[in-house]
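K.L.:
Below: one structure in C-alpha cells.
The values are calculated or read from the model by the stated rules, or taken from the named source; none is laboratory data. Only a predicted model underlies this, so the values are computations on that prediction, with no experimental measurement involved. Cβ placement follows ideal geometry from the backbone for every residue including glycine, while neighbour counts extend to all protein chains displayed.
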Amino acid sequence: MNIQDIRVCVLRIEGTNCEEEAYNAFKLLGADPEKVHLKQLTGDCPPSMRRDLDDYQILMFPGGFSAGDYVRAGAIFAARIKSRLAPDVENFVSSGRPVLGICNGFQILVELGLLPSFDEILSEEPQAALYTNDSGRFECRPTYLKHENHGKCVFTSQLPRGEVVLFPSAHAEGNLRFPTDREMEIVRRLEENDQIVFRYVDADGNYAGYPWCPSGTVANIGGICNPEGNVLGLMPHPERVMFRYQHPDWTRDQDPNAPGDGRVIFSSALEYVSRRY
C-alpha cells in the first residue's frame, strides 16, 4: 500500500484538543488522516457523515481532556467506545492494524483494557491506571525518553534501541500504576514480554526521578505496547516535535526545519502499514 492511501482515523469527542496536531503529523508524512467524531462511528449522525472503523488502517487517540476527565481520565470516552464499538475495536487490533494513544489517548487505551492486554485483546476491566502525578499538579515540560523496546513495537521500528528522544509532556495524570500487591511482578512481565517501549531518563540517558520523570510513574515507564506490538500508549507528545524548531534547543541546529524527534513514531507506523497491506 502506498503511504498516500493509508487512512488514519483520529478519533475525538468533546474535550479532545490535540486532534489537529495528530492530524498534521500524519498529513506531513503523506498519509490520509481524518478527524472523526465517535458519533460518526456509532451512527449517531446524519447518514452522509457515517464512518466505518474498518475503512481505516491506523487508529489514533489524541490527547486532551475527553469528557472533562470526569470519573477518571479517559474513562468516559473508553466506556462509550466499549458499549458500542467493542467488537469493531477488537477486530481492528486483532487484524494487526496500529493503534496509537498519546497522553489522554494512553489513558483511554488503559481504561478500554487494550493496554497492557496480557491475556486478551480487550480486557473486561482495566488492568492498570494512570494516577495523579506525584507532584500533585499539571506538569508541562520537555522530557527525555529512552527507547527500551527490542523491536516488537511497530511505532518505534525506525528508532534504535537505547536511543534517547525528547518529547514534551503535558499532563496531570500520568502516573502509571498496577495493583499494589502485584506491581513489580507486572513490571517484570512487561519486561519479559518486551512491552516497555519508553522510560523517562535525564539528559545523559540515566534513569532519574523528578523533574526528569514528571509523574512518578512506576519503574520510570513512559510508554508501553500490547504483547503483539501494534498498540502503543505513551504520555509525552511526539506530535509536538515533528520539526527541530519545536525543540527547546532548536537554535543550536543549522536547519530548524530538520525532522524533530517525534517524527519517527508516525513514520514507523506508516512504513509498517505500507509493507503489510
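K.L.:
Show the residue pairs that are 6+ apart or on different chains and have beta-carbon atoms under 7 Å apart, the first residue being within region 189-215 and in contact (Cβ under 8 Å) with a residue 60 or more places away in the chain, the second being of a type in the set (Asp, Glu) and assigned to a loop (DSSP other than H, G, I, E, B).
P.N.:
Filtered contacts from region 189-215: Tyr210/Asp134; Trp212/Asp202; Ser215/Asp134.
K.L.:
Show the residue pairs meeting these rules: Cβ distance below 9 Å; 6+ apart or different chains; first residue within region 241-265 and more than 18 Å from Glu21 (Cα to Cα); second residue of a type in the set (Lys, Arg) and part of a helix (DSSP H, G or I).
P.N.:
Within 9 Å, the pairs are Trp250/Arg244; Asp253/Arg244; Asp255/Arg244; Pro256/Arg244.
K.L.:
Please go through region 91-102 and pick out each residue that is within 17 Å of Val10 (Cα to Cα) and either surrounded by 24 or more Cβ atoms within 10 Å (Cβ to Cβ) or free of Cβ contacts under 8 Å to residues at least 60 places away in the same chain (or both).
P.N.:
Correct list: Phe92, Pro98, Val99, Leu100, Gly101, Ile102.
K.L.:
Out of Tyr277, Tyr207, report the one residue that is farther than 28 Å from Arg137 by Cβ, hydroxyl-bearing (Ser, Thr, Tyr) and surrounded by fewer than 19 Cβ atoms within 10 Å (Cβ to Cβ).
P.N.:
Tyr277
K.L.:
Here is a further query. Does region 247-267 hold any residues that are touching a helix residue (DSSP H, G or I) at 6+ places or on another chain (Cβ under 6 Å), surrounded by fewer than 19 Cβ atoms within 10 Å (Cβ to Cβ) and assigned to a helix (DSSP H, G or I), and which are they?
P.N.:
Result: Trp250, single match.
Residues checked against (1) touching a residue at least 12 places away in the same chain (Cβ under 8 Å); (2) in contact with a Cys (Cβ under 9 Å, 6 or more places away or on another chain); (3) loosely packed, with under 14 Cβ neighbours inside 10 Å:
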position	(1), (2), (3)
Met60	yes, yes, no
Leu109	yes, no, no
Gly136	no, no, yes
Glu139	yes, no, no
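K.L.:
For region 214-221, state whether one or more residues are surrounded by fewer than 23 Cβ atoms within 10 Å (Cβ to Cβ), among the small types (Gly, Ala, Ser), at pLDDT 95 or above and under 26 Å from Leu122 (Cα atoms).
P.N.:
yes
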